[in-house]
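Here's the structure, in structure tokens; my notes come after.
The values are calculated or read from the model by the stated rules, or taken from the named source; none is laboratory data. Values in this document were obtained by computation on a predicted structure and should not be read as measured data. Quick reminder, even Gly has a Cβ in these numbers, built from the backbone with ideal geometry, and neighbours come from all protein chains shown. Side chains are part of the model used for accessible areas, which takes the heavy atoms of the whole protein and leaves out ligands, DNA and RNA. Shrake-Rupley method; radii C 1.70, N 1.55, O 1.52, S 1.80 Å.
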Amino acid sequence: MIVFAVLMAVRVAGIVTRTQLHSDETFSVMLAQRNPAYYTPLPDSTVLTGAEIKAMLVEDNTLASDLTGLYHVNHDDPHASLYYMALRVALSGLGTFDAGEVALRGGLLNLLFFAVAFFALWRTGRIVFGDLRDGWLVTLAVLATAFGTKAAVENTLFVREYQMAGMFICLTVWASAAICRDVSQRRPVPPLTWTAYTLAIAGAASTGYLNAFFVGLLTIAMLWLALARKNGRAAIAAVLAPLAAVAVAFAAYRGYFNFLLHSTVHTDRAFEGFVNVPATVFVNALFYHGIMLPGLILLGGMLLVALCGRDRRQMVRTCRQWWIPLCAIAAMVLVEYASLLRQERYIFPFIASAALLVGIILSGIDNRLRNAAAAVFGLYMLTMCPFTMPQMDYKWDAMRDSLKSGAVLYRLNPNELPQIAPALNDTVRYRLISASEDLAPTEPLPVVSRIKPPLDTIATEKNLTGPLKLYRR
């Protein structure tokens with residue numbers, strides 16, 4: 001299929017050309033390998049070379065021991081272990097830390113998840129739009145929108161759990177669409193479909209606790225449909241499936257409920273302020289890194305034509321399952337509201353499902369115009385995809401230049417040192433000062449810290465990465 005081939009080619013090109021990693025991707029490697037350097041307090045008054053610090057980024061355990069350890073506790077309470085287990089398999093044999101190698105292995109793993117997600121959404125499109133004349137063209141427009149944006153491509157390139165979560169969300173949507181089709185047509189739902197739905201939810205729950213927002217909203221929609229069709233059995237199953245899925249997620253990771261048992265800054269400061277949430281979701285993710293201005297104009301025009309046409313009621317027919325993209329968009333808002341850092345990547349898993357809204361709008365356009373509109377919009381998204389490749393530049397060259405002659409690493413947390421480690425000079429010595437030791441006011445070397453050091457004077461202050469800054473006297 002041409003659409004899949006183009007989308008895959010863009011992703012492969014992005015993966016093989018990567019030379020830098022986000023600090024969270026470095027954390028992925030450390031957590032997948034159960035590296036104690038991620039959480040062990042840094043030693044006092046230690047001098048290490050850049051090469052010695054980089055060596056701390058990789059831990060050499062057997063695959064079996066790492067998978068067993070990840071099953072019990074992963075030392076990362078905000079996340080479950082399923083992705084780390086999969087990544088650990090992909091990292092087998094990684095002896096030294098190499099950004100390009102990590103990006104390649106993690107990217108290839110994500111390509112597998114992308115392919116499954118693409119297939120699942122294609123099957124969903126066949127269920128939801130299959131009754132339309134040339135409904136396959138509407139489905140292709142949805143697929144190009146779902147996986148052709150800058151955000152969607154970055155989702156595959158980023159070595160974190162979001163592409164895996166997106167795959168399970170798409171599988172959940174596929175199973176849900178099949179169930180709702182049968183319930184709507186008053187046909188019995190096969191037990192295998194309910195089982196698939198439960199396992200898909202379990203996968204979504206195992207790759208992101210906040211995915212529960214989407215599952216909860218989808219459950220409400222399915223419960224509403226089942227009660228409207230007076231199908232008590234389906235209503236009960238729609239409630240029991242997520243509960244059974246949580247049990248499966250717990251069976252896959254014994255530390256699954258650690259995020260509730262151990263308070264973290266993410267749980268303590270959840271739902272703080274709503275003011276930046278709409279901008280993150282609608283401006284950054286869906287517009288600027290999504291369909292962009294030409295796509296917004298096209299989509300607005302298609303919606304206007306649909307609302308003024310005689311087939312506008314097609315958009316709200318039960319068979320269109322219009323609630324799926326609305327649940328996805330609402331979940332995006334809730335996830336960002338519950339998140340501490342307001343990062344776009346937190347809502348990457350829901351972008352593909354939200355793209356079904358394009359197909360629903362197209363379904364309301366008269367047959368004579370629908371095919372042309374679907375072809376134009378799909379071609380636009382597919383053509384724009386290669387030109388919107390995310391620039392995953394994390395300023396490593398600038399950091400290397402600033403730290404090439406040495407530095408004092410002042411009162412860093414264990415997981416802050418890995419954020420600058422890849423940019424250190426292998427042969428230069430760096431001094432670590434812990435919280436139990438103070439810094440000389442006349443320290444001549446530049447100082448890396450998240451807090452302002454007690455220097456006599458500070459001539460320059462420069463952002464490095466994350467919360468870390470570089471200070472010079």
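GLY50 meets all of the listed conditions (1) within 30 Å of VAL142 (Cα to Cα); (2) open to solvent by less than 20 Å² (accessible area, probe 1.4 Å); (3) more than 25 Å from the chain's Cα centre (by Cα) but one, namely (1). Taking into account only those residues within segment 271-287 that are part of a loop (DSSP other than H, G, I, E, B) and either touching a helix residue (DSSP H, G or I) at 6+ places or on another chain (Cβ under 7 Å) or hydrophobic (A, V, I, L, M, F, W, C) (or both), which is most open to solvent (accessible area, probe 1.4 Å)? For segment 271-287, the residue satisfying everything is VAL275.
I'd like to verify a number: residues in segment 146-159 that are of a type outside the set (A, V, I, L, M, F, W, C), part of a helix (DSSP H, G or I) and either closer than 17 Å to ASN284 by Cβ or touching a Pro at 6+ places or on another chain (Cβ under 6 Å) (or both), how many?
Within segment 146-159, residues that are of a type outside the set (A, V, I, L, M, F, W, C), part of a helix (DSSP H, G or I) and either closer than 17 Å to ASN284 by Cβ or touching a Pro at 6+ places or on another chain (Cβ under 6 Å) (or both) number 3.
Only one entry in ALA251, ALA245 is farther than 30 Å from ALA374 by Cα and crowded, with 16+ Cβ neighbours inside 10 Å, namely ALA245.
It is to be established whether one or more residues within segment 172-184 are open to solvent by less than 10 Å² (accessible area, probe 1.4 Å) and under 27 Å from ALA32 (Cα atoms). Yes, segment 172-184 has at least one match.
For segment 432-473, the tally of residues that are open to solvent by less than 80 Å² (accessible area, probe 1.4 Å), in contact with a Phe, Trp or Tyr (Cβ under 9 Å, 6 or more places away or on another chain) and among the basic types (Lys, Arg) stands at 0.
Residue by residue, here is whether (1) modelled with pLDDT of 95 or more; (2) farther than 25 Å from ALA221 by Cα; (3) over 15 Å from the mean Cα position of the chain (by Cα) holds:
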| site | (1), (2), (3) |
| --- | --- |
| PRO294 | yes, yes, yes |
| MET302 | yes, yes, yes |
| CYS308 | no, yes, yes |
| ARG312 | no, no, yes |
| TRP322 | yes, no, yes |
| CYS327 | yes, no, yes |
| ALA352 | yes, no, no |
| ILE361 | yes, no, yes |
| LEU369 | no, yes, yes |
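Of the helices (runs of 4 or more DSSP H) entirely within segment 5-76, those holding at least 2 residues that are in contact with an Asp or Glu (Cβ under 8 Å, 6 or more places away or on another chain) occupy 23-32, 50-55. A single member of ASN463, ASN425 is more than 19 Å from SER45 (Cα to Cα) and either part of a strand (DSSP E or B) or of a type in the set (A, V, I, L, M, F, W, C) (or both), and it is ASN463.
Among residues belonging to segment 395-411 that are open to solvent by 20 Å² or more (accessible area, probe 1.4 Å) and either in contact with a Cys (Cβ under 6 Å, 6 or more places away or on another chain) or not in a loop (DSSP other than H, G, I, E, B) (or both), point out the one that is farthest from SER449 (Cα to Cα). If we take residues in segment 395-411 being open to solvent by 20 Å² or more (accessible area, probe 1.4 Å) and either in contact with a Cys (Cβ under 6 Å, 6 or more places away or on another chain) or not in a loop (DSSP other than H, G, I, E, B) (or both), then ASP397 is farthest from SER449 (Cα to Cα). Restricting the first member to segment 44-66 and to residues that are aliphatic (A, V, I, L, M), and the second to residues that are in a loop (DSSP other than H, G, I, E, B) and buried (at least 19 other Cβ atoms within 10 Å of the Cβ), the beta-carbon pairs closer than 8 Å and six or more apart or on different chains are ILE53/LEU424; ALA55/PHE97; MET56/ASN35; LEU57/ASN35; LEU57/PHE97; VAL58/GLN33; VAL58/ASN35; VAL58/PHE97.
Of the residues making up segment 222-242, those that are surrounded by 19 or more Cβ atoms within 10 Å (Cβ to Cβ) and either assigned to a helix (DSSP H, G or I) or among the acidic types (Asp, Glu) (or both) number 9. Inspect all residues belonging to segment 413-420 and state whether any of them is open to solvent by 10 Å² or more (accessible area, probe 1.4 Å), in a helix (DSSP H, G or I) and not acidic (Asp, Glu). Among the residues of segment 413-420, at least one is open to solvent by 10 Å² or more (accessible area, probe 1.4 Å), in a helix (DSSP H, G or I) and not acidic (Asp, Glu), which makes the answer yes. Considering LEU108, LEU94, the condition of being surrounded by fewer than 16 Cβ atoms within 10 Å (Cβ to Cβ), more than 30 Å from VAL376 (Cβ to Cβ) and either touching a helix residue (DSSP H, G or I) at 6+ places or on another chain (Cβ under 6 Å) or among the aliphatic types (A, V, I, L, M) (or both) is satisfied by LEU108 alone.
So, VAL142, is that one within 22 Å of PHE387 (Cα to Cα) and in contact (Cβ under 8 Å) with a residue 40 or more places away in the chain or not? Criteria met by VAL142.
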